[in-house]
Amino acid sequence: MRISVIGCGYLGAVHAAAMASIGHEVVGVDVDEEKVRRLSRGSAPFFEPELDSLLTAGIASGSLRFSVDPREARDATVHFISVGTPQQAGSDAADLTHLDGAVSALMAAVKDGDIVVGKSTVPVGTAERMAQRLRGTGATLVWNPEFLREGWAVKDTVDPDRLVVGVPVLGDDAAASLPGTPTPEGERAAAVLREVFAPAIATGTPFLVTDYATAELVKVAANAFLATKISFINAMAEIAESTGADVVQLADALGRDARIGHRFLGAGIGFGGGCLPKDIRAFTARAEELGRGDAVRFLREVDEINLRRRDRPVALATEALSGSVHGRRITVLGAAFKPHSDDVRDSPGLHIAARLHGLGAHVTVTDPAALENARRAHPELSYVADRDHALRGAEVVLVVTEWDDYRHALDPERAGALVSVKTVIDGRNCLDPSSWRTAGWDYYGMGRPSVRSRAAVRSRAALDDRAVSGALV
Ligand code: UDX
């Protein structure tokens, strides 16, 4: 099929490449000339495993191209809109400027019978408004939210857990129709999308047809649920910290209940990124507009718990450094909001690094992929690409992103030889406390008892003994 993808950011670039990889002829359109140039060379403007090879293959075969000219979308019959809907400045609501711009651009390109497919995450009610705008062009709007995770974006696009397609439905006045029955155009649009996604459907991906509002809500509700699950376990971490319990064992035991499951029960410094934080805020703002703020008021709490977890490593570092981080050397392992990504938007780890810097610490940050973005966002911090170099002389090591390079490839013995004080704060509970302790480290986790090294315990006991015997006053 001939497909256009309007907006070639994270979502759109992956979508365009993925659509070409399953046999469609695709043009990606974006207003950013530099982005279009890079994509046309087969190079993604961000870090996403597998994407470059998909882009290169699509471009080489002639089935994928990029352009700044929206008129290039004219030959396509299915038009995906995948522009960003960031948080509005000074408000929790979503900024729909790019979406409105994309629809305006498409109005000049679409023809009778075309299908326009919204993929962006939007406040419920937006699709209906966009459909009104497109009325008169002869094109049918459907809403097909995207659930892709950074780092897994290609897999999530080619082989998603489910496909949700919101279509126009018959009104209440249509006699003998069940609520949510698609209009004839809705039926046709759903059939076209079944064709677009045929390979995924053939391998068993559920294809769920809904009305617009349900499709829009599935996306924000899914992100709200995931954020709630993370903040739930982080709230338990707070209780664990006051009771001596271990939240990692707690999460393991909870997750073994099949109704709960282990995923997204990782306690730590909380969620960040370009989606979960802004999506729960936009959802709350929209619910308040609808007069149903009460229904999702808990999401404010979810947000607050999440932000509060960023205080914990700062408090632990302060404690480990006997009351002040001022003038002390702290190495932060990680800057990306999660591994397999170079995205630092709302990165909890980078936020913590900046706070420690603000308190007068000498903070060195390293990350396998996100250093350039981190430097742009926080030029005041020191950045070192080489992990071992970054560790040299540290008085506290703080792990904020669970890259394999820290989680598995960092040997506590070897790291111990580089730092000046063996104190590690594991902001993602991703290290094995016992091997760090055996190597002589003081280990502080999130929501788990701190583990002092034997050496530290011995020297503290010796101090206590000397105090008792009068050697120390
Ligand atoms: C998320 C949704 O998962 C995806 O479906 C949606 O389309 C976009 O938003 P993404 O932003 O890529 O995807 O990140 P995700 O993998 O969901 O992680 C979000 C944040 O939660 C990260 O900062 C991660 O470190 C944190 N997290 C995740 C935890 O703190 N604990 C966990 O157990 C899981």
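When 210, 331 are arranged by Cβ crowding within 10 Å, least crowded first, meaning fewest neighbours, the order is 210, 331. Counting only Cβ charges, +1 for Lys and Arg and -1 for Asp and Glu, the dipole size of region 219-308 around its Cα centre is about 380 debye. Note on the chain: with charges restricted to the Cβ of Lys and Arg (+1) and Asp and Glu (-1), its dipole about the Cα centre is near 1000 debye. Only the Cβ atoms of Lys and Arg (+1) and of Asp and Glu (-1) were treated as charged; on that basis the dipole of region 311-472 about its Cα centre amounts to roughly 460 debye.
If you model region 219-308 as an ellipsoid using its alpha carbon gyration tensor, with each semi-axis the square root of five times an eigenvalue, the axes come out at 25, 14, 11 Å, biggest first. For the chain, with the dipole built from +1 on Lys and Arg beta-carbon atoms and -1 on Asp and Glu ones, taken about the Cα centre, which of 57, 327, 357 lies farthest toward the positive end? The listed residue farthest towards the positive side: 327.
Given their separation in residues at 0.36 nm each and the Cα-Cα distance between them, residue 290 and residue 432 gain 46.4 nm when the chain is fully extended. Backbone amide hydrogens, once placed in the peptide plane, bring residue 117 within less than 5 Å of 79, 80, 81, 142, excluding anything fewer than 5 places away on its chain.
Here is the list for region 205-293: trypsin sites (Lys or Arg not before Pro) lying in DSSP coil, each with at most 14 other C-beta atoms within 10 angstrom of its C-beta, are 256, 259, 263, 292.
For region 397-435 versus region 38-112, the spacing of their alpha-carbon centroids is 40 Å. Coordinate range of the alpha-carbon atoms in region 86-224 per principal axis, descending: 44, 40, 30 Å. The count of lysine pairs in the chain with alpha-carbon distances below 27 Å, taking only pairs 8 or more places apart or on different chains, stands at 22.
Where only DSSP H runs of four or more residues are counted, the chain gives -13000 deg cm²/dmol as its mean residue ellipticity at 222 nm, each run worth -39500 (n - 2.57).
Of 345, 188, the sequence from fewest to most neighbouring Cβ atoms within 10 angstrom is 188, 345. Summary value for region 2-210: 18 percent relative contact order, contacts being C-alpha pairs under 8 angstrom separated by 6+ residues. Across region 6-87, Cα-Cα pairs more than 17 Å apart make up 37 percent of the total.
Normalising the Debye intensity of region 311-472 to I(0), with uniform scatterers on Cα atoms only, and taking log10 at q = 0.10, 0.12, 0.15 Å⁻¹ returns -0.35, -0.49, -0.74. Here the residues 14, 192, ranked from fewest to most Cβ neighbours within 10 Å of their Cβ, fall in the order 192, 14. Counting only the Cα atoms, the chain fills a convex hull of 167 Å³ per residue.
Bear in mind that the values in this text are calculations on the coordinates, not laboratory data. This is a predicted model, so every value here is computed, not measured. Don't worry about glycine lacking a Cβ; one is built from the backbone with ideal geometry, like all the others, and counts go over all protein chains shown.
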